[in-house]
Amino acid sequence: MADQENPGITNVIPDHYDLLEVHPQARIEVIEAAFQALLALHPNGARTAQLREAHETLADPKRRRAYDRERTDLVGTVIGSYRVVEQIAEGAIGITYRGEHILTGLPVCVKHCAWLDAETNATLVHEAKLLWGLAHFALPVIHDIIRCADGRIALIMQYVPGPTIAQYVEKHGRIDPPVHVTWIAERILNALWYLHDHDIVHGDLKPQNVILQPKDHLLKIVDFGLAMAKPTAHSENAGYTPRFSPPEQQHLHGPLVSASDFYALGMTMVYALGGMPCVERREIPTHIPAPLRAFIKKLIVLDVRERKFRANVLLEELGRVRVESFGSAHSNMLPLPT
């Protein structure tokens, strides 16, 4: 089909961003202004229809997200020394892929910061800075940080196979027997102890951000894009996940503090033991031993002033809870049903 404004030229629908002459990370106000200016230059013809289609897509957040997802799919591409193999997750700030090093073939995790605009692109760089100097068995290793062809950042990290707590519960309904939730909580508390001692608050701990390695009774805590280093009275939340975040994040808009992570841990334990229905009701499952219920209850108290704990103290207390509840302070590598 020939372009009505340029006879003889085949009409190919261009990229929406190119058509509106805006950057892929442009704010909605810029898109609106560009559309109005270009519409005045092209009031009629095929170009006008293309402009309207591009505007309708990019002005609608849901349609723009879907368009960006298709437009920025990295599967099959090469980023630096890494080949992108498949998508494995999608989060608030971008898409996570499984990749491999071109020379060695070793697996890596490629976190593409697809949804961040130019002003907030520094979020992923912030995550890299937080993790770069850390060394803990429950935290992923960062290998590289690369700026992609689209101008966005990709974080190359250790690939960790295994289900998240969310995936496990979606498949099995809950983690059972409940003794497994105690070793999971211990590993998380150990990591929080390390992070908090380095003045880092995760800020978005939830079942989707904890990858289980059941055979070894280990785990990895991921997605530090919302973490805050050295929280102060002037720190602001970069984001949160409803139901797993405490009131000080959801309603009070206060600074991130270590107590926020403890609430999120408690709600993650509730989810692991009873699934989303228990989380929605903020209800601790009744099938678990009383000492464990009491431990979780103190974590999910709404008043942040009543969560002034230290992770190492909670870790010691959880050890006593395990003895009272299950007769042993150690897991003895009891297999987690798969």
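Observations, loosely collected:
- Test for residue 70: is it over 15 Å from the mean Cα position of the chain (by Cα), modelled with pLDDT of 95 or more and of a type in the set (D, E, K, R): no
- All positions within segment 127-149 that are touching a His at 6+ places or on another chain (Cβ under 9 Å) and not in a helix (DSSP H, G or I): 133, 134, 143, 148
- Of residues in segment 154-169 being more than 23 Å from residue 272 (Cβ to Cβ) and not β-branched (Val, Ile, Thr), the one surrounded by the fewest Cβ atoms within 10 Å (Cβ to Cβ): 158
- Residues within segment 257-270 that are of a type in the set (Phe, Trp, Tyr) and crowded, with 24+ Cβ neighbours inside 10 Å, tallied: 1
- For segment 90-106, filtered to residues that are surrounded by fewer than 17 Cβ atoms within 10 Å (Cβ to Cβ) and aliphatic (A, V, I, L, M), the residue that is farthest from residue 204 (Cα to Cα) is 103.
- Selected residue (only one of 291, 337 is outside the structural domain of residue 189 (by TED's automatic domain parsing) and closer than 20 Å to residue 177 by Cβ): 337
So that you can scan it fast, the table gives a plain yes or no per residue for (1) in a loop (DSSP other than H, G, I, E, B); (2) touching a Phe, Trp or Tyr at 6+ places or on another chain (Cβ under 9 Å); (3) modelled with pLDDT under 90:
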position: 14; (1), (2), (3): yes, no, yes
position: 32; (1), (2), (3): no, no, no
position: 37; (1), (2), (3): no, no, no
position: 44; (1), (2), (3): yes, no, yes
position: 57; (1), (2), (3): no, yes, no
position: 83; (1), (2), (3): no, no, no
position: 87; (1), (2), (3): no, yes, no
position: 93; (1), (2), (3): yes, yes, yes
position: 99; (1), (2), (3): no, yes, no
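- Candidate set from segment 282-332 (those that are touching a residue at least 12 places away in the same chain (Cβ under 8 Å) and among the polar types (S, T, N, Q)); member that is surrounded by the most Cβ atoms within 10 Å (Cβ to Cβ): 325
The rows are residues; the columns are (1) part of a loop (DSSP other than H, G, I, E, B); (2) modelled with pLDDT of 90 or more; (3) not acidic (Asp, Glu).
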| site | (1), (2), (3) |
| --- | --- |
| 236 | yes, no, no |
| 242 | yes, no, yes |
| 249 | no, no, yes |
| 268 | no, yes, yes |
| 271 | no, yes, yes |
| 279 | no, yes, yes |
| 312 | no, yes, yes |
| 321 | no, yes, yes |
| 334 | yes, no, yes |
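- You will find that of 302, 318, the residue that is within 25 Å of residue 242 (Cα to Cα), touching a helix residue (DSSP H, G or I) at 6+ places or on another chain (Cβ under 7 Å) and in the same structural domain as residue 185 (by TED's automatic domain parsing) is 302 and no other.
- Screening 94, 99 for residues that are within 27 Å of residue 265 (Cα to Cα) and within 20 Å of the chain's Cα centre (by Cα) leaves exactly one candidate, 94.
The values are calculated or read from the model by the stated rules, or taken from the named source; none is laboratory data. On a predicted model such as this, the values are computed, not experimentally measured, just so you know. With ideal geometry, Cβ positions are generated from the backbone for all residues, glycine too; neighbour counts draw on all protein chains shown.
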